[in-house]
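Notes for the one structure printed next.
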Amino acid sequence: MRLIAALALFCAACGSGLAPAPAGPAMTDRAGDGTPDFLRLDDAGDRRTFVRWFTFLAEQQYFREPPDLPREVSDCAGLVRFAYREALREHTGAWASELRLDGVPAEGSVAKYRYPYTPLGANLFRVTPGPFAPEDLERARFAQFADALHLMRWNSHRVTRDMTMAEPGDLLFFQQLEQDLPFHVMVYLGTSQFEADPAPRLVYHTGPLGGGPGEVRRPTVEELLRHPAPRWRPKGGNGNFLGIFRWNILRE
């Protein structure tokens, strides 16, 4: 019922001029990936804007001390959820002040909808399998929380295993069965938005490490390809590397 109420509020906002007024959200899922079409960013400009903010916000956390990170950013999935959600907000001065951002990209905001006033309210992440169906709005199919496994299976789709084909904003997933949290996700940034360094980079949170809270790391692709532990190398012959994925909302 909460998702239906969120959808009603979204439609009301559309009618009030806060967003373009649609004839009614299409209860379809053309890709059959569980993401409703009304959530996808159909406009190329919106997709570009989302990626710019998503990568900026993920990378920006690298420059914070661990105690200064947002509370949610305590593991790899938390970093990704934070950057995803905040990339869909309206990026005002008040918003930047709340996140204690000293500078922001010269980029607007996604136009189709603004978090938390999305067609699904604050419940952005699908947490169950199957294609989207209208009755999902009455069931617990979407939530504010999703771990790395849920992000991979039901909120993104694999596009390649070749690092040379990765695009900024893509996600790298690994499975390490010997760890308590076996699934791990990294964000491919491309070139940094903070430094004049042409080397493509990734960013990720280690999760708790050595009895401490862990940290955000930002290796270059070359550094990761030469990781001392081969199981962390994003190469086709590494069975622990599950591939490079792209958000479902970015499907064209």
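Checked against the criterion of being of a type in the set (V, I, T) and over 24 Å from L88 (Cβ atoms), the range 202-209 has at least one qualifying residue. How about the range 101-121: which of its residues are touching a strand residue (DSSP E or B) at 6+ places or on another chain (Cβ under 9 Å) and among the hydrophobic types (A, V, I, L, M, F, W, C)? Of everything in the range 101-121, just one residue is touching a strand residue (DSSP E or B) at 6+ places or on another chain (Cβ under 9 Å) and among the hydrophobic types (A, V, I, L, M, F, W, C), namely L120.
Is there a residue being closer than 25 Å to D147 by Cβ, of a type in the set (S, T, Y) and surrounded by fewer than 17 Cβ atoms within 10 Å (Cβ to Cβ) anywhere in the range 180-198? I'd like the intermediate steps shown before the answer.
Residues of the range 180-198 that are closer than 25 Å to D147 by Cβ, as a first pass: 180-189.
After this cut, where a residue has to be of a type in the set (S, T, Y) as well, the list is 188.
Filter once more, so that each one left must be surrounded by fewer than 17 Cβ atoms within 10 Å (Cβ to Cβ): none.
Checked against the condition, which is being closer than 25 Å to D147 by Cβ, of a type in the set (S, T, Y) and surrounded by fewer than 17 Cβ atoms within 10 Å (Cβ to Cβ), the range 180-198 yields no hits at all.
For the range 197-227, enumerate the residues that are among the charged types (D, E, K, R), part of a loop (DSSP other than H, G, I, E, B) and modelled with pLDDT of 95 or more. E215, R218, R226 - these are the residues of the range 197-227 that are among the charged types (D, E, K, R), part of a loop (DSSP other than H, G, I, E, B) and modelled with pLDDT of 95 or more. The set of residues in the range 62-84 that are out of contact with any Asp or Glu (no Cβ under 9 Å at 6 or more places or on another chain) and either farther than 25 Å from G211 by Cβ or among the polar types (S, T, N, Q) (or both) comprises S74, Y84.
Against the conditions (1) more than 23 Å from A26 (Cβ to Cβ); (2) of a type in the set (D, E); (3) touching a residue at least 12 places away in the same chain (Cβ under 8 Å), D180 satisfies every one except (3). For the residues V73, V80, the requirement of being in a loop (DSSP other than H, G, I, E, B) and either touching a residue at least 60 places away in the same chain (Cβ under 8 Å) or in contact with a Ser or Thr (Cβ under 9 Å, 6 or more places away or on another chain) (or both) singles out V73. The set of residues in the range 228-250 being closer than 26 Å to D37 by Cα and part of a helix (DSSP H, G or I) consists of N248, I249, L250. Filtering R218, R251, R231 for residues that are touching a Leu at 6+ places or on another chain (Cβ under 8 Å) and surrounded by 13 or more Cβ atoms within 10 Å (Cβ to Cβ) leaves a single hit, R218. Identify, from the list L137, L151, L120, the residue that is in a loop (DSSP other than H, G, I, E, B), crowded, with 19+ Cβ neighbours inside 10 Å, in contact with a helix residue (DSSP H, G or I) (Cβ under 8 Å, 6 or more places away or on another chain) and not basic (K, R). Result: L120 is the single residue among L137, L151, L120 that is in a loop (DSSP other than H, G, I, E, B), crowded, with 19+ Cβ neighbours inside 10 Å, in contact with a helix residue (DSSP H, G or I) (Cβ under 8 Å, 6 or more places away or on another chain) and not basic (K, R). Restricting V127, V80, V73 to residues that are of a type in the set (A, V, I, L, M) and more than 30 Å from S192 (Cβ to Cβ) narrows the list to V127.
The values are calculated or read from the model by the stated rules, or taken from the named source; none is laboratory data. All of these numbers come straight from a predicted model, not from anything done at the bench. A quick note on method: Cβ atoms are made from the backbone with ideal geometry, for glycine too, and the neighbour counts reach across all protein chains shown.
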